[in-house]
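Accompanying notes for the structure given below.
The values are calculated or read from the model by the stated rules, or taken from the named source; none is laboratory data. The model shown is predicted, which means the values in this text are computed figures rather than measured ones. Note: ideal-geometry Cβ built from the backbone for every residue, glycine included; neighbour counts use all protein chains shown. Ligands, DNA and RNA are stripped out before the accessible areas are found, and what is left, the full protein with its side chains, is counted by its heavy atoms. Shrake-Rupley method; radii C 1.70, N 1.55, O 1.52, S 1.80 Å.
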Amino acid sequence: MSFQLRRYMPPDFHEPSLRDAPNALLQEAPADGVAPFGYHATSIFPEYFRVGGTWLLAEDSRMDCVAVYRNGKIDAVEFRNLRQGDLVFVGRTEDGSEGILVWPYGFSEDHTLQGDAFAFRQGRSRETAFSRDYDELYRLLQYEKNHGNILWVMGPACAFDHDSRNAFAGLIQDGYVHGLIAGNALATHDLEGAYLNTALGQDIYTQKNQPNGHYNHLDTLNRVRTCGSINAFIHEEKISSGIMYSCIERKVPFVLGGSIRDDGPLPETIGDVYHAQNSMRDLVRNATTVICMATMLHTIAVGNMTPSYRVMQDGTVREIYFYVVDISEFMIRKLADRGSLSAKSIVTNAQDFVVQVYKNLKDKA
């Protein structure tokens, strides 16, 4: 069975309360980085603003931003990127009565209650059976390979294991990765695996500590920095395997967002957090499916900048699919608590997840 996108159902703007709604109020930003009093903050959902008697959809949104009217369109702008004089939408109601409508129902299915109102195991935990989720994910990835943009957000776990490292490299080579967001650690330990066959000094297959292995990731970092870039290191050291090698060979864009505890770091690691955030959002702007694995920091960051929808080049509105894969139920709850309400969670080991996804996609090819 092939994957079918859910149809987007826009609001009925002929309904009297929306047809007769006032235009949304606009006020100028009083200073750089400062919004006017009563500004409207955006959410993950489609939002419409009435301007000149017409309802306009914010086409490139994210949560916790300020809605700004620019060049006939609605921009979701981070507070730090506001400029004095920007026309900011003002209003805290979301039902259209102030010319601002938040629409969380665009992709809703029939939620008519069937069966008992009370039932066990309605949450998602380590006891949940995820077989149906996996089957849906396989169909989704096969569809998105040719029709969408798949963004992966990864912690270093996949680089610590021989099989998961090879599996993710295989996903890249087979066209299931259109962008990668990670930190310094994933790239460092992946390159260490290619260069010295270890990750943090442990053999990536046997997990046995190697003599003086605690130097290995530092030696790898130092060698990459000597070469000047990951690309130059791959060519000079004749690297021919792994995640970063596959990204460069297949021209898959990646962003390495740095953290306060990074070693090295790699030349491509972005130490300025706001520069990193801007670069991450550039990848998010293209994504139609996002899969986050075993990284609380980057998962929550990407979750906060990913809306539940994407406006395509032909003007159609489609759903963004957001998965979070982690062994920790706490991590998954934390993401939902931070506002990423459309995220679907799979509680499992990230290494096993990648191997299983790659194997099943290979089998179905």
Right, Glu78: under 18 Å from the mean Cα position of the chain (by Cα) and either surrounded by fewer than 17 Cβ atoms within 10 Å (Cβ to Cβ) or of a type in the set (Phe, Trp, Tyr) (or both) or not?
yes
All positions within the range 295-327 that are assigned to a loop (DSSP other than H, G, I, E, B), of a type outside the set (Asp, Glu) and over 24 Å from Gln277 (Cβ atoms)
Met312, Gln313, Gly315, Thr316, Ile327
Going through Asp12, Asp20 one at a time, which residue ends up being farther than 16 Å from Arg310 by Cβ, touching a helix residue (DSSP H, G or I) at 6+ places or on another chain (Cβ under 9 Å) and not hydrophobic (A, V, I, L, M, F, W, C)?
Asp12
Evaluate the range 13-24: report whether one residue or more is without any contact (Cβ under 8 Å) to a residue 60 or more places away in the chain, polar (S, T, N, Q) and open to solvent by 70 Å² or more (accessible area, probe 1.4 Å).
no
Any idea which of Gly201, Gly179 is in contact with a Gly (Cβ under 9 Å, 6 or more places away or on another chain) and at pLDDT 95 or above?
Gly201
Looking at Asn349, is it open to solvent by 50 Å² or more (accessible area, probe 1.4 Å) and under 29 Å from Val102 (Cα atoms)?
no
Residue among Leu180, Leu191, Leu186 that is farther than 15 Å from Tyr358 by Cα and outside any helix (DSSP H, G or I)
Leu180
Considering only the range 204-213, I want to know if a residue exists there that is open to solvent by less than 10 Å² (accessible area, probe 1.4 Å) and within 24 Å of His275 (Cβ to Cβ).
no
Restricted to the range 27-48 and to residues being touching a strand residue (DSSP E or B) at 6+ places or on another chain (Cβ under 9 Å) and aliphatic (A, V, I, L, M), the residue surrounded by the most Cβ atoms within 10 Å (Cβ to Cβ) is Ile44
